[in-house]
Amino acid sequence: MNTFKIDYNNDTVLVEQQDPTHFTVHLVGGDIQLELKEDNEGANHWFKAGTDNATEETSAIGVAIDTYLLKK
């Protein structure tokens, strides 16, 4: 498991990567499980695990995760 920190919402947030598409994000208000999915056109989208709706929050956290992983 890969553990790292990202900047989100003016805070440093701990992220645990279970596999290439599943992440646990430890937010101040509680943990959320995120899943990275690719649509039929090849674009990536971030969802709360078990749902099919991206939100502003999941997208923003996903961008921060993507940014960290690209720099790694």
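The values are calculated or read from the model by the stated rules, or taken from the named source; none is laboratory data. All of these numbers come straight from a predicted model, not from anything done at the bench. Please note: Cβ atoms are built from the backbone with ideal geometry, for glycine as well, and neighbour counts cover all protein chains shown. For the accessible areas, the whole protein counts, side chains as well, though only heavy atoms, and no ligand, DNA or RNA atoms are used. Shrake-Rupley method; radii C 1.70, N 1.55, O 1.52, S 1.80 Å.
How high is the relative contact order of segment 15-72, in percent, counting Cα pairs under 8 Å that sit 6 or more residues apart?
Details: 68 pairs, mean separation 11.0, N = 58.
About 19 percent, as a whole number.
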Formal net charge of residues neighbouring T51 (Cβ-Cβ distance under 11 Å; K, R +1; D, E -1): 0
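What's the carbon and sulfur percent of the chain's accessible surface, probe 1.4 angstrom, rounded to a whole number?
Values: 2240 of 4740 Å².
So the carbon and sulfur contribution to the accessible surface is 47 percent.
Tally Lys/Arg at +1 and Asp/Glu at -1 over every other residue whose Cβ is under 15 Å from the Cβ of L27; what's the total? List each step's numbers first, then the result.
Details: positive: K5, K48; negative: D7, D11, E16, D31, E56, E57.
Net of charged neighbours comes to -4.
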Nearest 10 degrees, 0 to 90: helix 56-71 Cα axis against the chain principal axis: 80
